[in-house]
Amino acid sequence: MTQPADPSLEQVPADAIAVPQPHCRPGDEPDFSRLNFPGVDSARRPAVDESPEHMRELAYGLIRVLDENGDAGGAWNPGLDGDTLRRALRAMVLTRLFDDRMFRAQRQGKTSFYMKCTGEEAIGCAQAMVLTTDDMFFPTYRVQGILISRGYPLVQMMNQIYSNASDPLQGRQLPILYSAREYGFFSLSGNVGTQYCQAVGWAMANAYKQNGHIAAAFIGDGSTATYDFHHALNFAAVYRAPVILNITNNQWAISSFQGIAGGEQTTFAARGIGYGLPALRVDGNDFLAVHAATDWAAQRARRGLGATVIEFYTYRAEGHSTSDDPSKYRPKDEAAHWPMGDPVARLKQHLLKLGESSEEQHQAMEVELTAQVRAASREAESVGTLGQSKPPVGEMFEQVFKSPDWRLQRQRKEVEG
């Protein structure tokens, strides 16, 4: 028999369930006035062996080096020389030009799919310059700047995007899901969260080998809501894995704003605190800040002090992919109002203020790199774009197992006749 409800008990309000909503929708005026950013002098730089429990404030603040005027300052200023800064800007500009070219190629029907990293170039390029090719990146699809910074051939990247006869992955992967072991770049996965667990496992294996190699993994703000993220953080903390666990908070997970993944409740960096890990929140549009934070975390890992969680605070200026239309869920010009600016423009401004570059030199560099991308595009297109040429179909059965498997042999015979 059902007991009647006790009227003396307090009832849960009907509107208790909260559904987060973005602050602006299509047709609204972009408004970031709710955001407050601390100055470049606000974040202290702890010793790399400082206990995580004594640096919790770094998960809630924002590590910055470049101010609004293009000047570098604060405890995290890495003090990079002019040659390094010019090399960094060159890699970021080349990454943007490559993205633009491949985006147009998709619109021309030369490939089925592409994803740009516009506004996030500083993250991949800076980390690639800090870590070595003996270390291993477990990337997402928006850090192609790692490969470009390390001189991976643009033609190879385009061949993979076009899935043509010279595709280095023999057509096994979707466009932009690169793999380049010799460049310290683990195979990309469409399921982003899985990269975190693999990175921790790779880092632990190399710690056993005592070879000094470390791993760096990337995940988006949306994927922090998956179990892979929490499994990886737990393992990394318990076993003190030498790994850098990067979270790219670009405000959007496809069309879901970062509040759906919990970004309105606390910072994504703060999630590392619950696992006893040091956690840094960094301006992802500031090349110098990304460089400094990565170097600090790498030093910790190489000294056997374990993993670090880094949240890169940035904004995805373009759509999630060529299949996305961001005007359906956010103001069209919202990216232009992002208060942390454009990472390429900010580093360029810094070089100009230092007298390490000039407008004429910058324009000459853009002309040179544009020609480089155009030449690579012509070479790749001469092999074939989407559907014009393909790798031999039998290659899909190779490099799957160390020794040929009887099932694959039978399937290959059926395909090839």
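Within the range 1-28, residues that are farther than 30 Å from Ile254 by Cα and at pLDDT 80 or above reach partners that are part of a loop (DSSP other than H, G, I, E, B) and open to solvent by less than 100 Å² (accessible area, probe 1.4 Å) with beta carbons closer than 9 Å, at six or more positions or on different chains, in the pairs Gln11/Ala5. Each residue in the range 76-115 was checked for being open to solvent by 20 Å² or more (accessible area, probe 1.4 Å) and either farther than 21 Å from Arg316 by Cβ or not in a helix (DSSP H, G or I) (or both), and 15 pass. Just one residue in the set Thr294, Thr322, Thr267 is assigned to a helix (DSSP H, G or I) and among the polar types (S, T, N, Q); that residue is Thr294. Scanning the range 118-144 for residues that are part of a strand (DSSP E or B) and among the aromatic types (Phe, Trp, Tyr) turns up Phe137, Phe138. Of the numbered conditions (1) assigned to a helix (DSSP H, G or I); (2) open to solvent by less than 30 Å² (accessible area, probe 1.4 Å), Pro175 fails exactly one; give the number of that condition. So the condition that Pro175 fails would be (1).
Scan the range 179-197 for residues that are open to solvent by less than 40 Å² (accessible area, probe 1.4 Å), closer than 13 Å to Ala217 by Cβ and either assigned to a strand (DSSP E or B) or of a type in the set (Phe, Trp, Tyr) (or both) and the total you get is 2.
Scanning the range 239-257 for residues that are in a strand (DSSP E or B) and either crowded, with 24+ Cβ neighbours inside 10 Å or not small (Gly, Ala, Ser) (or both) turns up Val243, Ile244, Leu245, Asn246, Ile247, Thr248, Asn249, Trp252, Phe257. Being of a type in the set (Gly, Ala, Ser) and open to solvent by 10 Å² or more (accessible area, probe 1.4 Å) is the filter here; which residues of the range 273-300 pass it? Within the range 273-300, Gly274, Gly276 qualify. Here Lys348 qualifies as open to solvent by less than 60 Å² (accessible area, probe 1.4 Å) and under 28 Å from Thr314 (Cβ atoms).
So that you can scan it fast, the table gives a plain yes or no per residue for (1) exposed (fewer than 14 other Cβ atoms within 10 Å of the Cβ); (2) in contact with a Lys or Arg (Cβ under 6 Å, 6 or more places away or on another chain); (3) under 24 Å from Ala371 (Cβ atoms):
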site: Pro13; (1), (2), (3): yes, no, no
site: Val19; (1), (2), (3): yes, no, no
site: Leu66; (1), (2), (3): no, yes, no
site: Asn69; (1), (2), (3): yes, no, no
site: Gly74; (1), (2), (3): no, no, no
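Considering the range 377-413, the residues that are over 21 Å from Pro153 (Cβ atoms) and among the small types (Gly, Ala, Ser) include one that is least open to solvent (accessible area, probe 1.4 Å), namely Gly394. Residue selection: Asp41 satisfies the criterion of being more than 27 Å from Glu182 (Cβ to Cβ), among the acidic types (Asp, Glu) and either in a loop (DSSP other than H, G, I, E, B) or open to solvent by less than 20 Å² (accessible area, probe 1.4 Å) (or both).
Can you confirm whether Val282 is assigned to a strand (DSSP E or B), out of contact with any Leu (no Cβ under 6 Å at 6 or more places or on another chain), closer than 23 Å to Pro343 by Cα and not basic (Lys, Arg)? Yes: the conditions hold for Val282. No other residue among Ala236, Ala205, Ala216 is closer than 26 Å to Asp286 by Cβ and in a helix (DSSP H, G or I) apart from Ala236. Residues in the range 145-172 that are part of a loop (DSSP other than H, G, I, E, B) and touching a Ser or Thr at 6+ places or on another chain (Cβ under 7 Å) were compared, and the one that is farthest from Phe287 (Cα to Cα) is Ala165. Of all residues in the range 53-67, none that is part of a loop (DSSP other than H, G, I, E, B) has its Cβ atom under 6 Å from the Cβ atom of a residue that is open to solvent by 20 Å² or more (accessible area, probe 1.4 Å) and of a type in the set (Asp, Glu), 6 or more apart or on another chain. Within the range 327-345, which residues are part of a helix (DSSP H, G or I) and open to solvent by 30 Å² or more (accessible area, probe 1.4 Å)? Of everything in the range 327-345, those that are part of a helix (DSSP H, G or I) and open to solvent by 30 Å² or more (accessible area, probe 1.4 Å) turn out to be Ser327, Lys328, Ala335, Ala336, His337, Ala345.
The values are calculated or read from the model by the stated rules, or taken from the named source; none is laboratory data. Just so we're clear, the structure is a prediction, and the values are computed from it rather than from any experiment. Glycine gets a Cβ as well: all are built from the backbone with ideal geometry, and neighbour counts include every protein chain shown. The protein model used for the area step is the full one, side chains on, heavy atoms only, and it has no ligands, DNA or RNA in it. Shrake-Rupley method; radii C 1.70, N 1.55, O 1.52, S 1.80 Å.
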